[in-house]
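To start, the structure under review is shown below, and the notes come after it.
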Amino acid sequence: MFRKPNRNLRVRRAESSGEEDEEEGDRSKVERQRRPGGRGLSCGTKKRKEEEEEEEAIEKVDTRDPAETSSGTAGLLSFTEEREGEEVTFRIKKPSVNAVVFKVQKRPENVEVASRSPDGDSQGGSSNSEQEHSEPEDLECFKEESPESASTSTSSSSSPSQPSQAGEIPGAKKIRAARRQRKLARNKGAFISLQVSHEVSDSSQSESDNELDDHERRIKFAPGVKTLNEQMAEEMGSSSDSGRENQEDNDEQDRWEEQQIRKAVKYQQAVSEHALRGDSPPQVKRHVEPKLPPVTIEDIKKKLTTRIASIEEVHRSHVLENEKYTHDLENSKNVLEKLESSSSEQSFKFFKKMKIFVENFVDCLNEKIHQINELEAEMFQILENRAATLLKRRQDDLRNESVAVQKLSGNGVTSDVETLDDIVEKQIQDCELRRRKRRKRREETGEEDHFEGMSSDDELTTDLQNSIQKSRGNILVQCRTILEDVHEDFCRVKNVLCTFHEWRVKFSESYHDAYISLCLHKILNPLVRLQLIGWNPLEDVTDLDQMPWYCDLEEFCFAKEEHENNIEENADHKVLSAVIEKTVVPRVSGFIEHVWDPLSSQQTERLVCFCKTHVLENESSKTVKDLIACLVSRLKKAIEDDVYIPLYPKRVLEDRNSPHSKFRERQFWSAVKLLGNVTRWDGFLEEETLQELSLDKLLNRYLLLVLLNAEPNSDAVTKCSKIVECLPQSWFKGIESGLSLAKLANFSKHLEQCIHALHKQNDRKSIEILTSLLMKIKAQNSADEVMKKYSIALRT
């Protein structure tokens, strides 16, 4: 996992005297004292113990026999070298524990302490800076030699660049001469012998002895706390580092210049060699410009035309931009004139006035809205109670008459009915009395085309009618008095609209930015509802367009503005429809659900007129969808609750004056009347929904049952004619196949059977009527077959 570091050999000369040993020991102690302590992973006591053992191993010099040295302890590595007749033993302690120790240390660099070499290794040397540069090269040679070559190199003669005697420090001149010699040898490419003698001086020996082994070197992670002496030594060493860096830069510059000179010399030599051989000197390739194609006049014209077209396009864009800027400038001038003409003081006063008006108006509405809601609920409750009373009376009359007819026919009745004979008899008499009054009224008016059961039984007793009128009158009086204490500017729709109209005329931009058109229907809602409290869409002849608030809104929405350009889709045009949608339509939905009687032709006609006039404009709104849902639900409920066709024996029905026949006839014509009221909604309700209500639920389920059991005579022809008159002709416009609607198939077949039966009775007039009915409902195939069979020619 960890690479085993190289081991540096420390050499101690055997011939050094005792004084030198002492000096070296002192220097090593000083060196150890100056070396900063570091932090590591090992224990402090163990660290000190190992350092002491290492010092003893380095300083101890044993003179032993070579054989004894070779067979020493396995934990020491020794190299024996013989020099000048003395035996020197070098021992390096092998670490007992392969532990990685991290220690932060920093050596101050000064003239007395060993400096760091340029290649990063810590080497011993003298205080001379020149020796620091020359000594690493010698040491590298020493490291690369084997032990045998090292021993021979020490005995060989020293080179001129090395000191002549052991321990002698070479001078600056010798060092420069050795360096210059090495440079010349390097430039000539000569061989530099590595067999040079290395005599280690006392100072280097002492410094190497004090060095730690490579495996004990601590890795620097973070600098420790520096002492004052270390800081001073670091500052003093920085100057020497800068000198060395400058010298290295100069050496690098000299080397680069020499390389350039050698390149030039080699090039000149190559040129001279080619000249001697008679060859032409090497020529430098030159870049030859490609030849351009010839230019013709057509090309020039084409380029000029393209250039002119692009310039004209740019000119047109500039002209358009100029027109746009001119138009914007004119608009800005107009706006500026308007702003200058309208005084800021006047606008401030106006907006302050509008703010006060709106606040007061909202406060007034919040004060009166509770009373308006109460009066509206009271009026609606009166109408709902009246409708519920009439509906209950009609259903009771139907039940009582059915029980009475069954009793006359001899059918069994329950004991509850027997105990209520007096009450039932009285109700039947009251119902018959009302029929006589209606019959007499029709005779006075000359109404002949009428059948029993098609009139609306909505007459009330005098006392009940007076009570309802009195209650309605009290509510209307309260409606007039509810705004008596309010100023006219806040209680009349016209005055409120005039205030907003003034805002729209004077400051139209701010008016539209405030979205007043979207708020007006909410502001006017309480005032409009107050005027609609006495309005009943099922009975009143007065339409909405005749009411004061409607006329005021119409004048406000479609007024001709003098200070503003008319917009095609002005938002104010939708204020009237918004008021109808949000205020009137929900009220009409309540009438349909709780007050409207589908059997009343008068109520149905007025309701249909209102819906087709005012509701179709907002067909996609939620309120209109809710109204349609209430309408369909009410029609279904009327068909299920109010339509009743009794079944009696044929012998009982033969007498047309019998109670059974009369009761059944009244119920049949009541169902025909409901069929006509349902089909009045053609054009407002969906065609599929309308056909389901009128054909499936009424004609095929109830009416056709009576027609099939009736004798084919003139009365049956009249009934069929009335049914066909109730059907809208818009249903048969798209039919071209010769067959009528699928839901009218049974009715068409019944008409055809009646024609065959009447032919046996030789009633040609009735046959022609029934044939025309087939043609009206687009049953063309059946009509053609009958006309061909009985030779009928209808008058066009």
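The values are calculated or read from the model by the stated rules, or taken from the named source; none is laboratory data. No experiment lies behind these values; they were computed from the predicted model shown. Because the Cβ atoms are built from the backbone with ideal geometry, glycine has one as well, and the counts that use them run over all protein chains shown. Keep in mind that these areas ignore ligands, DNA and RNA; they rest on the heavy atoms of the full protein, side chains included. Shrake-Rupley method; radii C 1.70, N 1.55, O 1.52, S 1.80 Å.
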inquiry  = Among the residues in region 514-534, are any open to solvent by less than 60 Å² (accessible area, probe 1.4 Å) and more than 29 Å from C609 (Cα to Cα)?
reply    = yes
task = Return yes when Q729 is more than 60 Å from the chain's Cα centre (by Cα) and either within 28 Å of D655 (Cβ to Cβ) or loosely packed, with under 14 Cβ neighbours inside 10 Å (or both) and no when it is not.
result = no
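Identify all residues within region 461-490 that are among the aliphatic types (A, V, I, L, M) and part of a helix (DSSP H, G or I); write none if there are none.
Just the residues of region 461-490 that are among the aliphatic types (A, V, I, L, M), to begin with: 464, 468, 475-477, 482-483, 486.
L464, I468, I475, L476, V477, listed by residue number.
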Residues satisfying the stated conditions in region 597-616, i.e. at pLDDT 90 or above and open to solvent by less than 20 Å² (accessible area, probe 1.4 Å) = P598, L599, S600, T604, L607, V608, F610, C611
request  = Could you tell me which residue of region 684-693 is nearest to A638 (Cα to Cα), considering only residues that are in contact with a Lys or Arg (Cβ under 9 Å, 6 or more places away or on another chain) and in contact (Cβ under 8 Å) with a residue 24 or more places away in the chain?
outcome  = L693
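Run down E581, E619 and say which single residue is within 36 Å of the chain's Cα centre (by Cα), surrounded by fewer than 16 Cβ atoms within 10 Å (Cβ to Cβ) and of a type in the set (D, E, K, R). Full working, then the answer.
Details: E581 fails: surrounded by fewer than 16 Cβ atoms within 10 Å (Cβ to Cβ).
Of E581, E619, the one residue that is within 36 Å of the chain's Cα centre (by Cα), surrounded by fewer than 16 Cβ atoms within 10 Å (Cβ to Cβ) and of a type in the set (D, E, K, R) is E619.
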ask   = Can you pull out the residues in region 438-450 that are open to solvent by less than 50 Å² (accessible area, probe 1.4 Å) and at pLDDT 75 or above?
value = R438, R442
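Checking the condition more than 60 Å from the chain's Cα centre (by Cα) and modelled with pLDDT of 80 or more, which residue from K285, K291, K302, K263 passes?
Details: K285 fails: modelled with pLDDT of 80 or more; K291 fails: modelled with pLDDT of 80 or more; K302 fails: more than 60 Å from the chain's Cα centre (by Cα).
K263 is the lone residue from the list that is more than 60 Å from the chain's Cα centre (by Cα) and modelled with pLDDT of 80 or more.
Quick check on this structure: which one of E345, E401, E384 is part of a helix (DSSP H, G or I) and either farther than 30 Å from L464 by Cα or free of Cβ contacts under 8 Å to residues at least 12 places away in the same chain (or both)? Outline the logic, then answer.
On the way: E401 fails: either farther than 30 Å from L464 by Cα or free of Cβ contacts under 8 Å to residues at least 12 places away in the same chain (or both); E384 fails: either farther than 30 Å from L464 by Cα or free of Cβ contacts under 8 Å to residues at least 12 places away in the same chain (or both).
Step by step, each of E345, E401, E384 is checked, and only E345 is part of a helix (DSSP H, G or I) and either farther than 30 Å from L464 by Cα or free of Cβ contacts under 8 Å to residues at least 12 places away in the same chain (or both).
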request  = Output the number of the condition that V541 fails; it satisfies all remaining conditions of (1) open to solvent by less than 70 Å² (accessible area, probe 1.4 Å); (2) β-branched (V, I, T); (3) not in a helix (DSSP H, G or I).
outcome  = (1)
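Residues in region 350-367: is at least one more than 44 Å from the chain's Cα centre (by Cα) and either over 30 Å from V595 (Cα atoms) or surrounded by 15 or more Cβ atoms within 10 Å (Cβ to Cβ) (or both)? Don't jump to the end; show me each part of the working.
Restricting attention to region 350-367, the residues satisfying the condition of being more than 44 Å from the chain's Cα centre (by Cα) are none.
No, region 350-367 has no match at all.
When you look at S714, is it more than 30 Å from P646 (Cβ to Cβ), touching an Asp or Glu at 6+ places or on another chain (Cβ under 8 Å) and in contact (Cβ under 8 Å) with a residue 40 or more places away in the chain, yes or no? Steps first, answer last, please.
Values: more than 30 Å from P646 (Cβ to Cβ): no; touching an Asp or Glu at 6+ places or on another chain (Cβ under 8 Å): yes; in contact (Cβ under 8 Å) with a residue 40 or more places away in the chain: yes.
For S714, the condition - more than 30 Å from P646 (Cβ to Cβ), touching an Asp or Glu at 6+ places or on another chain (Cβ under 8 Å) and in contact (Cβ under 8 Å) with a residue 40 or more places away in the chain - is not met.
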message = Could you check region 646-669 and list, in sequence order, the residues that are free of Cβ contacts under 8 Å to residues at least 60 places away in the same chain, open to solvent by less than 60 Å² (accessible area, probe 1.4 Å) and either assigned to a loop (DSSP other than H, G, I, E, B) or not basic (K, R) (or both)?
response = L653, S658, S661
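Does E752 fit the bill of being of a type in the set (D, E, K, R) and either touching a Ser or Thr at 6+ places or on another chain (Cβ under 8 Å) or closer than 25 Å to K697 by Cα (or both)? Lay out the reasoning, then the answer.
Details: of a type in the set (D, E, K, R): yes; either touching a Ser or Thr at 6+ places or on another chain (Cβ under 8 Å) or closer than 25 Å to K697 by Cα (or both): yes.
Here the answer is yes, as E752 does meet what is asked.
Among the residues of region 631-646 satisfying the criterion of being β-branched (V, I, T) and over 49 Å from the mean Cα position of the chain (by Cα), which is nearest to E686 (Cα to Cα)? Write out each step before concluding.
Going residue by residue through region 631-646, those that are β-branched (V, I, T) are 632, 639, 643, 645.
Still in the list and also over 49 Å from the mean Cα position of the chain (by Cα): 639, 643, 645.
On the way: I639: 18, V643: 23, I645: 28 Å.
Here the residue is I639.
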